[in-house]
Amino acid sequence: MAAVGQVLRSEWTKIRSVRSTVWTLGVAVVVTVGLGMLICALAGSDFGTMPVRDRLTFDATNISFAGMGLGQLAMIVFGVLVVSNEYSTGMIRSSLAAVPQRATFLFCKLVVATALVLLVGLFTSFLAFFAGQSLLGGLAARIGDPGVLRAVIGGGLYMTLIALFSMAIATMLRSPMLSLGILMPFFFLISNILGNVSATRKIGHYLPDQAGRRIMQVVPGNNPVPYGPWGGLGIMVAWTVAALVCGFVLLERRDA
């Protein structure tokens, strides 16, 4: 246990000593909250002119998280940098020499990074909710309304899983450029295309980001899915666990 404690402290030092990883978390907060506030302000002023169908499915809670799609970009970058920085600088050789038990090394890295992202994600989610609702006036939801607290906590969990999934992919690929070159198009292009084209929409429902975002919905949208909010988060967890297992297997089998 003492060895694990030392590795945990070492991983914490690595994360906080690299400015880029700290800045990306700050950017995630600012972008998510700022864009969410902007969209809430616009939605509040335009509600009266919306089509009846959109007004019936208006989700005041989910509108607060409109910036989450862009904010997750910073979380992806954070997850990739936490892992791949050591490969790009060559520090991974020293790290594995100091901690030859690769399972312990990876476990401690993931625990420290995940705990940090979870705190930031929950803070961001609650801040985005309260800031966004303050701009919706009479349309605003309250934290005690049915499903709202679950959605707000779910926003923090979603951001955490995005970062953890990115860490797993970076563990597999080891290169920051390659990892970002795959993750960015996947989440911001491929996923959107599959989710918005009628022929592939059913496939899109089971992608990690689209399934995970259901946890932040309180009012069902116009495109029903065959699972609930927690079911969607479960699908995202399954994707993340599968990626982590693959990353660990490759870490064990490859040279540094």
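The values are calculated or read from the model by the stated rules, or taken from the named source; none is laboratory data. Keep in mind that what you see is a predicted model, and the values were worked out from it rather than measured. Cβ: placed from backbone, ideal geometry, glycine included. Neighbour counts: every protein chain shown.
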Review point. Of the residues Leu118, Leu110, which is surrounded by fewer than 18 Cβ atoms within 10 Å (Cβ to Cβ) and within 30 Å of Val30 (Cα to Cα)?
Key: Leu118
**Study point:** helices (runs of 4 or more DSSP H) wholly inside the range 1-111 that include at least 3 residues being modelled with pLDDT of 90 or more and either over 24 Å from the mean Cα position of the chain (by Cα) or among the β-branched types (Val, Ile, Thr) (or both)
**Key:** 19-46, 68-89
Review point. How about the range 165-233: which helices (runs of 4 or more DSSP H) wholly inside it have at least 2 residues that are touching a residue at least 12 places away in the same chain (Cβ under 8 Å) and in contact with a Gly (Cβ under 7 Å, 6 or more places away or on another chain)?
Key: 191-196, 201-204, 208-212
Study note, to complete from the structure: Listed by first then second residue, the pairs whose first member lies in the range 54-79 and is in contact (Cβ under 8 Å) with a residue 12 or more places away in the chain, whose partner is of a type in the set (Phe, Trp, Tyr), with beta carbons under 6 Å and at least 6 positions apart or on separate chains, are Ser64/Phe129
Review point. Do any residues in the range 240-253 that are in contact (Cβ under 8 Å) with a residue 40 or more places away in the chain have Cβ atoms under 7 Å from those of residues that are of a type in the set (Phe, Trp, Tyr), where the two are at least six apart or on different chains, and which pairs are they?
Key: Thr240/Phe165; Ala243/Phe165
Review point. So Ile143 clears everything in (1) among the aliphatic types (A, V, I, L, M); (2) in a loop (DSSP other than H, G, I, E, B); (3) in contact (Cβ under 8 Å) with a residue 60 or more places away in the chain except one condition, right? Which one?
Key: (3)
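Determine whether the range 196-207 contains at least one residue that is within 20 Å of Thr114 (Cα to Cα), in contact with a helix residue (DSSP H, G or I) (Cβ under 6 Å, 6 or more places away or on another chain) and not hydroxyl-bearing (Ser, Thr, Tyr). Full working, then the answer.
Applying the first criterion (within 20 Å of Thr114 (Cα to Cα)) to the range 196-207 yields none.
No - not one qualifying residue is present in the range 196-207.
Just the residues that are surrounded by 15 or more Cβ atoms within 10 Å (Cβ to Cβ) and assigned to a helix (DSSP H, G or I), please, taken from the range 235-256.
Going residue by residue through the range 235-256, those that are surrounded by 15 or more Cβ atoms within 10 Å (Cβ to Cβ) are 235-237, 239-240, 243-244, 247-248, 251, 256.
Passing the criteria: Ile235, Met236, Val237, Trp239, Thr240, Ala243, Leu244, Gly247, Phe248, Leu251.
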Review point. Residues in the range 107-127: is at least one closer than 21 Å to Leu251 by Cβ and among the polar types (S, T, N, Q)?
Key: yes
Practice item. Go through Thr57, Thr61, Thr49, Thr89 for me and flag whichever is β-branched (Val, Ile, Thr) and buried (at least 23 other Cβ atoms within 10 Å of the Cβ). Key: Thr61
